[in-house]
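Below you'll find the structure, written out as structure tokens, and then a few comments.
Read-outs: derived from the displayed coordinates by stated rules, not from any lab. On a predicted model such as this, the values are computed, not experimentally measured, just so you know. As a convention, Cβ positions derive from the backbone with ideal geometry for all residues, glycine included, and neighbour counts pool all protein chains shown.
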């Protein structure tokens, strides 16, 4: 078939000549038009992971439960905590509300597909500068989409991060993470098994998101706006009904496997199931319930209509499944059968219209990426930071607090229902992470999501490593023992050498950090081509981490209250410290450069043990890890929560920008009452520490600088709200 | 001159309408109508100031495109213009 | 004590409400929206959520369910208590079992927070704090209705710092003649210490005292 522009169909579908030849040689014949459509979707970056697959294998999996399924997990007692983070960047750049909403819809389905009830959502959002009118539109739309969809389905959005930088202006990042809980004996696989019926349950199939899968693999350009009809529309009401119906269906032992319809819809879900089970499938496309009168087979296969699930069911179980669908008033339709042929066969009104081994679709080409260091790395490393236009500490503090990257995100999380589910133990703003009560086992699950694109841009290996450890510290500071990681890799165009290098080195960084911390990467997602003609996003690996504590009473507060003494434990900043990528350099001086701190893994682990020792000995009152905003940032957050001023005992020579705002790894602030016992324990554990001062009064006093807490809090709380009201 | 106009905003053809489907379900369950195929839209009335009909129409187009509708998902229809 | 928790398609606080009821030792069942026999229950909860997606109007479409008709009879025949929380309050107003209506928050956004509440029932402390989570929680009624509500002493919960623009700071109403209660805050989310707040217990204790 030739398309209007005179191109061959495969060319019009962005299949390269190399890939087309690959198809010819593997298939040993020419694909027909329908099959060409199937390849174009399944071999797209979005479904095929062709630029990333080779490298993702470097991530450690040890300890993962349900490896290779829709979402992996970790075991807590008899229950599996399953979790995954996924991006919906490209759709959100076009239609922020629906893009974000369907992003949640997608990640929820992944959790659901293994039989787990979704219990929490987190998100990591990146936008351009908030003063930009278009950025406000995107930011508002994404938050509204998450709020509308997440709130309706009754899954609390308990934590997240929002960042702003010019590099995200054209390509916002919308990463959503979901967490589910399932008894270990009730996990369902996505593997197809011969001799079963294929049942499609949920919404009718329409023309939503057709080409969405290939769309997500393209750089956004001037013509992207014309791609708009492919935007999927979510229906949170239908999703909530589908969640309940699915969980009821998965209770049936006659249901042998389950898969959700996400990117490349029916095609991707069924071919993956076939491929995983090395099983034959026969799909009767004319039996699919349609929302529109006339749809072509390729449209039915590629449709990304939301809220649909696939179940493989024995003959005996069919009535039961269909009755549950009926009870919930949703469509349930037998659309095919599995067999032992090992072939993926599509039929249209009884006639076979496609036939090929499913593994051909699911194992697309694998590309090797550039690993040579690009020039920009050393250029940026050698940039020297000189605060020549030196500003006062007071000015620095105010600029930092009023920067939307640091300022309170209350305007955002107040719009998310974070208490539905009756399980939220740590709410947004109450800690470095969120806490979900696992009443099934008695303790609390800790959840956090982090990224630091500036550091990864400067040093992909160490930056990515630091991102993992930052998540680790977030959990530890609240009293959780870290258990597992999920990552979402957001990068530019991997065909460009700089991006390829960033990607590969970040994978290595994450892998090394996880190995050192002895935690597996249980799931993940890759989003490439996040760049426009003018701007490319910082390489941004987003890490979601899950931890656990067996008792609610072991949670640690994030507040420093009156009469408590504050200590800095861990690394100290001195002349030689590398603080490249620190937020204050960007905010106050528009500077990005220098070297990034490299983590001391042994110190990180002993800090964790020490913090838990202090807690278990009832010495610890508050604890906050030091991250964006440096020492001052953490101190401010603790004092704000504890509603106390502070009197420092630092020398004037220590009250410098670098010491107060610089960002390095391996440190926390703690607040305690019994200083003698605390110091004894720190000495015994060989932890470097420094006494900073005491919580008292209503001002933060650093040497002869006095900052009014109420005034700073006001600035911190209102920045985003005021900007959005403009 | 002041023009009074009515604007109807509806979902584009083929775009999923969750609200319409939910109303369909209720109509079916209550036995009022089996397949009502409800589509939900928005109705606006507004007045604009313009020199002539064409100018008014252009202004309304801009208002509809920029503010009243979400051009990604919705289309709009401007009803008869009345001068007031 | 036997409680029923109504489940519409789109309800999302059914499990939370059941968990809270069971914490107080109440025997608790779910009541599917097709059900029309409610004789077994001492108390019926219309829990929070987005019944039928809250499409068209919050709580609007749910009122056409058989169970809502049954609830009207249940109230008429004084079989027991009906408690609508959040979306349930909206449904009670839509059906006319409670006066007034709940409209879009005056900041036009969904609000999730913990709010301070003044109570007017002497079985509860004067001030408690409970979670709220709603987009349409601004209580509205005409002047005459508001006058009547006050005369009948129906306002049992008021916001201390009104988050949504509700008239007279109304957060919850009780109709003592008919045993119907509606409230926007979520007492069921504040029962377990693991959620960091247990003020919701006062409300459940109040119900226990009223019913026994």
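For this structure, a couple of remarks:
- Using a Förster distance of 35 Å, the FRET efficiency for residue C:176-residue B:32 (Cβ separation, nearest 0.05): 0.45
- Relative contact order (%) - chain C, alpha-carbon pairs under 8 angstrom, separation at least six: 19
- For the protein assembly as shown: rounded, prolate or oblate by the Cα gyration tensor [a/c cutoff 1.5]: rounded
- By average C-beta atoms within 10 angstrom, highest first, the peptides A:162-169, A:574-581, A:120-127: A:120-127, A:162-169, A:574-581
- Rounded if a/c under 1.5, otherwise prolate or oblate - chain C, Cα gyration tensor axes: rounded
- What the Cβ-Cβ distance of residue A:378 and residue A:711 gives, at R0 = 45 Å and to the nearest 0.05, is a FRET efficiency of 0.55.
- With an a/c value of 1.5 or above and a/b not larger than b/c for the gyration tensor axes a ≥ b ≥ c computed over the alpha-carbon atoms, the stretch A:556-726 is described as oblate.
- Two-site FRET efficiency, residue C:161 against residue A:721, from Cβ-Cβ distance with R₀ of 25 Å, rounded to 0.05: 0.95
- DSSP bridge analysis restricted to the stretch C:2-211 gives an antiparallel fraction near 55%, rounded to the nearest 5.
- The helix-only estimate of mean residue ellipticity at 222 nm for chain A, built from DSSP H runs of length n ≥ 4 each weighted as -39500 (n - 2.57), is -11000 deg cm²/dmol after division by the residue total.
- Extension gain, residue A:289 back to residue A:316 (0.36 nm per residue minus Cα-Cα distance, nm): 7.4 nm
- Ranking of A:51, A:204 by neighbouring Cβ atoms within 10 Å, starting from the fewest: A:204, A:51.
- Mean separation of Cα contacts under 8 Å, 6 or more apart, over the residue count of the stretch C:135-212: relative contact order %: 20
- Contact order for chain A, expressed relative to its length and based on alpha carbon pairs under 8 Å spaced 6+ residues apart, stands at 15 percent.
- Taking label positions 7 Å along the Cα-Cβ direction at both residue C:140 and residue A:18, the computed distance is 6.1 nm, reported to one decimal.
- For a label point 7 Å along the Cα-to-beta-carbon line of residue A:339, residues of the stretch A:286-302 with backbone N under 16 Å: none
- Counting beta carbons within 10 Å around each of C:198, A:665, A:314, B:25 and listing the fewest first gives the order C:198, A:314, B:25, A:665.
- Take each residue in C:53-63, count the other chain C-beta atoms within 10 Å of its C-beta, and the mean is 5.
- For the residues of B:22-33, the average number of beta carbons from a partner chain within 10 Å of their own beta carbon is 4.
- Exposure proxy for A:111, A:655: other Cβ atoms within 10 Å of each Cβ, ordered fewest to most, give A:655, A:111.
- Where a label projected 7 Å from the Cα of residue C:23 along Cα→Cβ would reach, residues of the stretch C:152-194 with amide N under 19 Å: C:183-194
- Computed [θ] at 222 nm, deg cm²/dmol, chain C (DSSP H ≥ 4; -39,500 (n - 2.57); rounded to nearest 500): -7000 deg cm²/dmol
- Simple label model, 7 Å out from Cα along Cβ direction - residue A:395 to residue A:30, nm: 7.1
- Spin-label pair residue A:9-residue C:193: with each label point 7 Å from Cα along the Cα-Cβ axis, the two points sit 6.7 nm from one another.
- Antiparallel DSSP beta bridges within the protein assembly as shown, percent to nearest 5: 75
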